Amino acid sequence: MNPREAPYTLVLTHDIDVLSLTELPLLGRTFWGFAYRCLIVNLRRVLSQRLRPIEYLDSLKHVMLLSLIKLGLAKDPWQESFQIMLDIEKRYGVRSTLFFIPFPRRPGHTPEGKTASGNRAAHYRLEEYKSMLQQLEQEGWEVGVHGLDAYLDPESAKAELEAVRELISGKDKIGIRMHWLYHRGEETWKVLDKAGYAYDATFGWNDRIGFPGGQYRPFKPEEICNLVVLPLNIQDGTLLGEWHQFLGNEEAWQQVQQVLREAKERNAVVTVLWHNNSFVAPRYWGWLYERIIQIAQEDGAYICRGIDVAEMFNKGEP
């Protein structure tokens with residue numbers, strides 16, 4: 001598909017906050033949050049017809065196997081979820097951007113300078129996944145930085161960039177999205193531009209979907225030399241997570257359709273964020289991600305990675 005002929009562009013992205021249940025600390029909030037969502041949240045979902053009974057039974061099975069999963073004696077559902085995500089994209093002939101957290105066990109800092117909540121920290125060591133990152137790049141996916149403190153100062157921004165760059169040698173242009181969408185507006189863009197990032201995909205909301213700032217396409221802020229800002233438009237947890245809108249399936253789809261209709265009217269760029277652990281227990285949100293890709297292909301949209309849009313912008317292409 002030629003992007004010039006497409007009614008809109010769909011950018012596929014994933015924030016890699018966790019890679020497995022096994023590597024999480026036993027007493028950590030995320031580990032036991034998995035069990036809570038499988039048991040309690042999913043009971044609410046199945047009773048309100050937001051979750052199929054067979055999926056609830058599957059989530060119960062994972063709770064019963066949790067100790068074996070932790071010991072590495074049963075299949076880790078979040079490792080499986082990562083592969084399901086890639087398989088969906090292979091099936092539709094598309095590729096996405098995956099933002100990885102550069103350092104383990106660091107929650108980073110809030111915009112106010114305080115230490116962030118402990119559950120913001122990742123527990124995978126990215127260097128242990130070097131061969132996987134290189135294979136992803138070779139097969140057409142894009143590896144980016146899921147930033148911790150990169151938005152605060154040039155030193156942190158550069159360190160996080162180099163931590164990822166050294167694992168995928170030979171790549172100059174690397175994009176970033178800040179973890180939890182932490183941001184300080186124009187100051188952040190200046191910091192990231194100075195550090196050498198190709199684009200920033202943080203500009204958006206956690207609690208609603210749409211076009212932040214009325215921006216329908218990537219843009220370059222004033223006083224910025226190279227950094228392209230790629231707005232975020234649709235996020236999985238925003239729609240379906242119990243910590244935000246907690247919508248029913250049809251309600252969520254209606255909101256997505258509205259964004260895609262607006263995108264067609266404006267010949268816009270729509271960036272989608274789907275977390276890599278959203279395809280199995282306890283979330284089971286892969287259906288909506290796949291549906292977005294299906295509809296975009298039916299619409300004739302150009303589907304691509306973050307770096308593709310940033311490079312088109314720099315070339316003056318739509």
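Nothing in this text is a laboratory measurement; each read-out follows from the coordinates by a stated rule. These figures come from a predicted structure and were not determined experimentally. Neighbour counts are summed over all protein chains in view; Cβ atoms, including those assigned to glycine, are modelled from backbone coordinates with ideal geometry.
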Formal net charge of residues neighbouring Trp189 (Cβ-Cβ distance under 14 Å; K, R +1; D, E -1): -2
Given 10 °C, 1.306 mPa s and a Kirkwood radius over Cα pairs, the Stokes-Einstein diffusion coefficient of region 160-318 in µm²/s is 95 µm²/s
Modelling each spin label as a point 7 Å along the Cα-to-Cβ direction, I'd like the Trp287/Met132 distance in nm, to one decimal. 2.7 nm
Restricting to lysines 8 or more places apart or on different chains, can you count the pairs in the chain with Cα atoms under 18 Å from each other? 16
FRET efficiency for Asn119 and Glu262, Cβ-Cβ distance as r, R0 = 45 Å, nearest 0.05? 0.85
From the Cα gyration tensor of region 92-241, with a ≥ b ≥ c the square roots of its eigenvalues, which class applies: rounded if a/c is under 1.5, or else prolate if a/b is larger than b/c, or else oblate? rounded
For the chain, give the magnitude of the charge dipole about the Cα centre (Cβ charges: +1 Lys/Arg, -1 Asp/Glu; no others), in debye to the nearest 20. 680 debye
Using only DSSP helix segments of four residues or longer, with each worth -39500 (n - 2.57), what per-residue ellipticity at 222 nm results for the chain after dividing by its residue count and rounding to 500? -11500 deg cm²/dmol
When N counts the residues of the chain, how does its alpha-carbon radius of gyration compare numerically with 2.2 N^0.38 Å, as a ratio? 0.96
Cα gyration tensor, region 47-153 - rounded (a/c under 1.5), prolate or oblate: oblate
Charges only on Cβ, +1 for Lys and Arg, -1 for Asp and Glu: so what's the dipole of region 58-185 about the Cα centre, in debye to the nearest 20? 260 debye
What are the principal axis extents of the Cα atoms in region 187-231, in Å, biggest first? 30, 17, 16
In nanometres, what is the gap between the two model label sites at Trp205 and Lys171, each 7 Å from Cα along Cα-to-Cβ? 3.1 nm
Alpha-carbon centroids, region 45-67 and region 103-141: separation in whole Å: 29 Å
